[in-house]
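Engineer: Let me begin by handing over the structure; questions about it come next.
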Amino acid sequence: MQPLPLPALHASHAGTWLREANGETRECSKGEAVMAAADTPLLLMNAPLVASRLGYPDLSGLDVLELFAFVHPAKFCVPTPRGLAHALDLQEPQNDAAVPALLQAAAGALVAACERAEWREREGAWSALQSLARLRWPWAQVLAPHIRKPERAERWLFTRLPEWEETPDRPQPAQVLIEEPEIKAHLERLTGEGAERREGQRHFAAGAGGVFAPRDARRRPHVLLAQAGTGIGKTLGYLAPASLWAAKAGGTVWVSTYTKNLQRQLRRESGRAWPSLRDDGSPPVVVRKGRENYLCLLNLEDALQGGFAGRPAILAHLVARWAAYSQDGDMIGGDLPGWLGTLFRKRGIAALTDQRGECVYAGCPHYRKCFIERSARAAAQADLVIANHALVMVNAARGRDQGGRPTRIVFDEGHHVFDAADSTFSAALTGQEAIELRRWIVGPERGARGRRRGLAARLADIASYDDAGGLAIEAAVRAAQDLPSDGWLGRLAEGAPLGPVESLLAQVRAVTYARDESGQEAGYGIETETAQLPGELVEAALIAAQALAAIRQPLMKLGGRLEAVIEAGPDWLDAAGRARIEGARHSLGWRIDLLAAWEALLGRLGGPADPNFVDWLAVDRNDAREFDVGIHRHWLDPMQPFAKVVLEPAHGIMLTSATLTDRGEEGPDWAHAIARSGAAHLDLVPGQLEAASPFDYAARAEVLIVTDIGRGDLPALAGAYARLIEASDGGVLGLFTAIRRMRAVHGRIADRLARGGLPLYAQHVDPIDTGTLTDIFRDDPRASLLGTDALRDGVDVPGRSLRCVVMESVPWPRPTILHRARRAAAAAALDGGAQRHDDRIIRARLAQAFGRLIRTREDSGHFVLLSPAFPTRLRSAFPEGTPILRVTLDEALQRVAKGVGAAHRDNTDSIAESQQT
Ligand code: SF4
């Protein structure tokens, strides 16, 4: 295996290195590197990242990651030199200067892999390469001599994928009771012989079993709230009764999570309770996601056949390579490398999924091979479905198949159920939403590429068979011309809106700019409440509501006609045709509901406010660039619709989390956790369970409140981050409440740290998706990562890679209109309720952020808060017994450099003293 003799380039925050084809590596200037890349194609890794480091956005070359994606599709690789070396069994580069040689070695190894007889991913490679050569993919020429032409023509992807089988509906689950002794015995089997017996876990598992008991009355599900401290082993704790029940009752248990990390962990742990396949070949455990996550084969076929051009077309061929080897076709968080989309600067991935609900179901030639249909069918037969909160709620609210709706659900990461319900049950009439609806009805606008088609094309056969249906389609298409069209944002800014909905949005925009007093300077979103609206806006809302009704009415008529066609059952309507019309009826149904929700929202403008809802106008902006304008409506208490839609039809529900209850100064606040579960809306009193964490927080963690970094002092903040990262020798997770500040801090310190061999990555700075950033962070114990909210929950990095969490300030809630309304409701319900409301939010955020630090019994580390003002009442956010110290930055640096155990031993007395202050 020879290194590939091509020049190679590497750029980091510490500098830039070039290596000749067969020569030496030398450090060079950014300008020199850019010139070299313009002259001849260079080997590099992650072109967009190198481009951003060089400040030259148009950089291109022979990206080793693209080669990796071609040679080993669906294989995991952390997209760093170190990660690449691990994935290919090469020696890790010791420093930046060694990276260009690694790139040559890695490219050589990948090319050599194509020549080996045992190359697992050979099938389809030669044909794909021919197409990629026509698209002038730079690697095609390099690879061509190494991939031999197969003796027989290769099967096309669409013929190679297996078909799913139609299966009969599963019978109702049997009514069974599972007893505590059998749960505990089963738990012991699952944890394995010789495993340490964890009392917290046994107690938790026994309690969770009650959720699966038969229900005594309609609308009276068993509801259990379980606070499970980190490390008790709650996953197996609920999988033990869940798997027992599924086996005895023949039913399906859904486990819903908030993060993809936990989904992955659940998939792994479920392997203890279930085999990967049953005797009949079906999977007992299925991961189910929203349809927009999966590859749509029809969109892919269109992209491969000319629907995409240039770089997106190359991406489509690499995705086709992956699709043949993918476990389940999941493009977002599945086995498609998260970095692949970013190499192509995000263009293309979304267009290959079914983002807009344009699926034609049985009318699609790939229906029987479709990943989405396969996963939905597998889920209906599964013992365990792993899903996310949003999907479970959407499924309960408007699932296609009543029978397949979940009735036994464990909401893990239960502290997020409120937020998930908040967004699922909200409504927003915005320009982006409205233009999506227009495209779904009318089809894409002129000049758009791709197969996207409107209602008339999708239902052409109905229109020709059923006159009334045809007329309804025509009427809907005509009426939908009143929705916003391409260029609407520009027209709004110029004061020249087209049609009634754009006119309304122009009014919304004008009023929002006139009234917002909070966010104009920052360049981010601005908003204003819907009170005292000017007459022009109210009038525009009335006209827009009429226009929306004019779209909804023919859609309803069409829904009726589709039903009639199914009932009449004409000769040409076979099972596949029926399934397609059922599919169309379903997607029509939820568009009708959407229009009705918009009309209701508009109907209220100018009238008295509905106390159940909070409405506001908003202009969404990013770096002062507008990207959406609209009217929003949220439930004041989203657990009200949650109770109706999810709880009421269920038989057993459990909400569990390490931070389910707020821990105020008086201890856990169960009353609030119960109110947040939605159970009160059904007059239910949920069961409660608590299992404390077995971790020794007193010895393994320290909270340091740094008192000498002034609020708003950016140079001091950046300096503090840099010095803390140096003191801890990397392994720092830095959390920010504002992207702008995070970028500024990163910009000031990344070069300095890189020169010391401490790589620093950041969300919203590096062109890398969050999941991949976390993989990079996990893989390199000297790396540090800066980020915002998504990282507070999504990072699960056990071990040394994460040994210090630094928060820039106390995470106060943003004073949005929605927050203000909920705060006011809390104040009205209780004396001092407003402050308690805010405190709960802050404590929850602190607890989640702190929770990143100690993931296993062996973990230890510091939690640093750079805030001179930290009210004592917030201390209870941290686990009981955790030492909390107020210190200067210098003291904090000393403690971080020493590590927790040492610092703790030396200073037990001073800690005790400081805790009393
Ligand atoms: S059935 Fe629908 S989602 Fe599946 S491939 Fe066909 S059009 Fe795409």
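Please treat every number below as a calculation from the coordinates, not as lab data. No experiment lies behind these values; they were computed from the predicted model shown. Note: ideal-geometry Cβ built from the backbone for every residue, glycine included; neighbour counts use all protein chains shown.
Engineer: If amide hydrogens are placed 1.01 Å from N in the peptide plane, which non-local residues have theirs closer than 5 Å to the one on T430?
Structural biologist: Distant-sequence amide H within range of T430: I631.
Engineer: Looking at region 642-789 only, what percent of DSSP beta bridges run antiparallel? Nearest 5 please.
Structural biologist: 35
Engineer: If I model a spin label at K149 and D571 as a point 7 Å from the Cα along the Cα→Cβ vector, what separation in nanometres do I get?
Structural biologist: For the pair K149/D571, the computed spacing is 4.9 nm.
Engineer: As an exercise, find the ratio Rg/Rh for the chain from alpha-carbon atoms, using the Kirkwood inverse-distance average for Rh.
Structural biologist: Ratio value, two decimals: 0.95.
Engineer: Right, something else. Using only Cα atoms, what Kirkwood radius does region 636-749 have, in angstroms?
Structural biologist: Taking the inverse mean of 1/r over all distinct Cα pairs, region 636-749 comes out at 18.6 Å.
Engineer: Further, regarding this structure: Sorting check: for 262-272, 798-808, 169-179, which peptide has the highest mean count of neighbouring beta carbons within 10 Å, and how do the rest follow?
Structural biologist: Ranked from most to least packed, the peptides come out as 798-808, 262-272, 169-179.
Engineer: Can you pull out the trypsin sites (Lys or Arg not before Pro) in region 119-217 whose DSSP state is coil and whose Cβ has at most 15 other Cβ atoms within 10 Å?
Structural biologist: The qualifying sites are R120, R136, R148, R152, R155, R197, R215.
Engineer: If r is the Cβ-Cβ distance from E27 to F76 and R0 is 35 Å, what FRET efficiency results, to the nearest 0.05?
Structural biologist: 0.65
Engineer: Then there's this: Using a 7 Å offset from the Cα along the Cα-to-Cβ direction at both E539 and D335, what is the distance between the two label points in nm, to one decimal?
Structural biologist: Rounded to a tenth, the inter-label distance reads 6.2 nm.
Engineer: Moving to a separate point now. Give a residue-ordered list of calculated ³J(HN,Hα) values for region 106-115 (Karplus: 6.51 cos²θ - 1.76 cosθ + 1.60, θ = phi - 60°; whole Hz; x for Gly, Pro).
Structural biologist: With coefficients 6.51, -1.76 and 1.60, one gets 5, 4, x, 5, 5, 5, 5, 4, 5, 8 Hz.
Engineer: Would you pull out the residues with amide H under 5 Å of N622's amide H, same chain only if 5 or more places away, H placed 1.01 Å from N?
Structural biologist: F627
Engineer: If you don't mind, there's one more thing I want to ask. Quick check on my link table: of K289/K644; K234/K644; K75/K260; K75/K234, which ones sit more than 26 Å apart, alpha carbon to alpha carbon?
Structural biologist: In this structure, K234/K644; K75/K234 exceed 26 Å between Cα atoms.
Engineer: Here is a further query. Looking at L18, S282, V142, which one has the Cα that reaches farthest to the positive end of the dipole of the chain (charges on Cβ: Lys, Arg +1; Asp, Glu -1)?
Structural biologist: V142
Engineer: Here's a follow-up. With an 8 Å Cα cut-off and a minimum separation of 6 or more residues, compute the relative contact order for the chain in percent.
Structural biologist: Dividing the mean separation by the residue count of the chain yields 13 percent.
Engineer: Ignoring everything except DSSP H segments at least 4 long, calculate the 222 nm mean residue ellipticity for the chain; use -39,500 (n - 2.57) per segment, divide by total residues, nearest 500.
Structural biologist: -14000 deg cm²/dmol
Engineer: Also: Evaluate E = 1/(1 + (r/R0)^6) for Q688 and R268, where r is the Cβ-Cβ distance and R0 equals 41 Å; express this FRET efficiency to the nearest 0.05.
Structural biologist: Plugging the Cβ-Cβ distance into 1/(1 + (r/R0)^6) gives 0.90.
Engineer: Using θ = phi - 60° and the Karplus curve 6.51 cos²θ - 1.76 cosθ + 1.60, what whole-Hz ³J(HN,Hα) does each residue of region 325-337 get, with Gly and Pro shown as x?
Structural biologist: Per residue, the Karplus-derived 3J(HN,Hα) values read 10, 6, 5, 9, x, 7, 8, 10, x, x, 8, 6, x Hz.
Engineer: Another question, then. Fewest first, what order do F870, F371 take by the number of other Cβ atoms within 10 Å?
Structural biologist: F870, F371
Engineer: Suppose R0 equals 51 Å; then what is the FRET efficiency for Q640 and V176 from their Cβ-Cβ distance, rounded to the nearest 0.05?
Structural biologist: Efficiency for this residue pair is about 0.95.
Engineer: Explain nothing, just compute: Karplus ³J(HN,Hα) = 6.51 cos²θ - 1.76 cosθ + 1.60, θ = phi - 60°, for every residue of region 20-25 in order, whole Hz, x for Gly and Pro.
Structural biologist: Rounded to whole hertz, the list is 5, 3, 10, x, 8, 9.
Engineer: Quote the charge dipole size of region 129-200 about the Cα centre in Debye, to the nearest 20; the model charges only the Cβ of Lys and Arg (+1) and of Asp and Glu (-1).
Structural biologist: Here region 129-200 has a charge dipole of around 1060 debye.
Engineer: Determine which lysines satisfy two conditions relative to K248: a Cα distance under 18 Å, and not lying fewer than 8 residues away in the same chain.
Structural biologist: Of all the lysines, those that pass the test against K248 - Cα under 18 Å, at least 8 places apart if same chain - are K184.
Engineer: With 10 angstrom as the radius, rank I592, I725, I884 by how many other C-beta atoms surround their C-beta, starting from the fewest.
Structural biologist: The most exposed by this proxy come first: I592, I884, I725.
Engineer: Treating the beta-carbon of each Lys and Arg as +1 and of each Asp and Glu as -1, no other charges, what is the dipole magnitude of the chain about its Cα centre, to the nearest 20 debye?
Structural biologist: Here the chain has a charge dipole of around 900 debye.
Engineer: Compare the Cα positions of L6, A47, A87 along the charge dipole of region 1-97 (+1 at Cβ of Lys, Arg; -1 at Cβ of Asp, Glu; about the Cα centre) and return the one farthest towards the positive end.
Structural biologist: Comparing the listed Cα positions along the dipole, A87 ranks first.
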